[in-house]
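The values are calculated or read from the model by the stated rules, or taken from the named source; none is laboratory data. Just so it is clear, the model here is predicted, and its values are computed rather than measured. Quick reminder, even Gly has a Cβ in these numbers, built from the backbone with ideal geometry, and neighbours come from all protein chains shown. Ligands, DNA and RNA are stripped out before the accessible areas are found, and what is left, the full protein with its side chains, is counted by its heavy atoms. Shrake-Rupley method; radii C 1.70, N 1.55, O 1.52, S 1.80 Å.
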Amino acid sequence: MKKILNILLLTLTLSAMVALGVYFAYDYFHDNLKGLNLTIKRNVDKGFIDYEETYDVVMNICDTANNTQINTIPLDSVVTTLNAIPWVVGVEANINLQTYMDVEIVECEPIVRIYNKSGKSVYLDEEGNIFPTRQNYTPHLLVGSGNVNFSVNDLGNVNDSIYRETELPDLFKVMKEIVKDEYASKRVRQVFVDKKKNYIFSLNSTDIIVIFGDVNNIKEKLSKMRHFFDKMQGNPELDNYKEINLNYFNQVVCTKKNKK
């Protein structure tokens, strides 16, 4: 008899817990949405994605003027719409226990900006993913330009077939190594591609031009450039040079300015 009573008591307890859970679940999903907590993850205060504009997009999707119950909030539509923004690389959306919607957006982190022959440009991140420009935001990044022919309308990744036969992948390869190099990232201001696919650098704090050469031996050439400027630091002879050429094995060839 005692065993039967214990089983009965356990059954009643579990039933009560289930009923209570169902009640709270019903009550929760029929609560009204209290508001939106929107977070944009990025390494800068201002970026490609405008906070107020995005906030309004989410609120319009949810139609909070007429549709406030949690069980009718279209979270899937929120995620899909935000993922369609070209500078977004990740979205998470949920409704927390306090009945607020939490939306977190991860913004792209470009490392270079590259212009094509027509003067139009795109941004690329470390993985070679391509992002469009935005008129009201211009991050300070290494710039590439010159004899580079590619479409700015296709986006995708630099390794996609549409870019494979263009100058874009090799230029990105050179620029990525510059960005990764502690010295070169501070020294090089812009990379130019000539018609023979040679790379030419303009530098910060000097008018000396660096003839980098082709896409081969990138790290060795960057190291050579650093050693040259370290060795020449404080030497007045440096002011007489117009350009230095790194495209020779184990040496740096210097060209002096023409004296009038």
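Data overview
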{"read-out": "Region 56-105: number of residues that are at pLDDT 95 or above, crowded, with 16+ Cβ neighbours inside 10 Å and assigned to a strand (DSSP E or B)", "value": "5"}
{"read-out": "Residue match in region 27-39 (condition: within 30 Å of VAL158 (Cα to Cα), at pLDDT 90 or above and open to solvent by less than 80 Å² (accessible area, probe 1.4 Å))", "value": "yes"}
{"read-out": "Residue identified as without any contact (Cβ under 8 Å) to a residue 40 or more places away in the chain and among the β-branched types (Val, Ile, Thr) among VAL57, VAL103", "value": "VAL57"}
{"read-out": "Verdict on GLU165 being exposed (fewer than 15 other Cβ atoms within 10 Å of the Cβ), of a type in the set (Asp, Glu) and over 14 Å from the mean Cα position of the chain (by Cα)", "value": "yes"}
{"read-out": "Residues located in region 188-202, provided they are surrounded by 15 or more Cβ atoms within 10 Å (Cβ to Cβ) and either hydroxyl-bearing (Ser, Thr, Tyr) or modelled with pLDDT of 95 or more (or both)", "value": "VAL188, GLN190, VAL191, PHE192, VAL193, TYR199, ILE200, PHE201, SER202"}
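Table: residues versus (1) open to solvent by 50 Å² or more (accessible area, probe 1.4 Å); (2) in contact with a Lys or Arg (Cβ under 8 Å, 6 or more places away or on another chain); (3) at pLDDT 90 or above; (4) not polar (S, T, N, Q).
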position: ASP214; (1), (2), (3), (4): yes, yes, yes, yes
position: LYS224; (1), (2), (3), (4): no, no, yes, yes
position: PRO236; (1), (2), (3), (4): yes, no, no, yes
position: ASN247; (1), (2), (3), (4): yes, yes, no, no
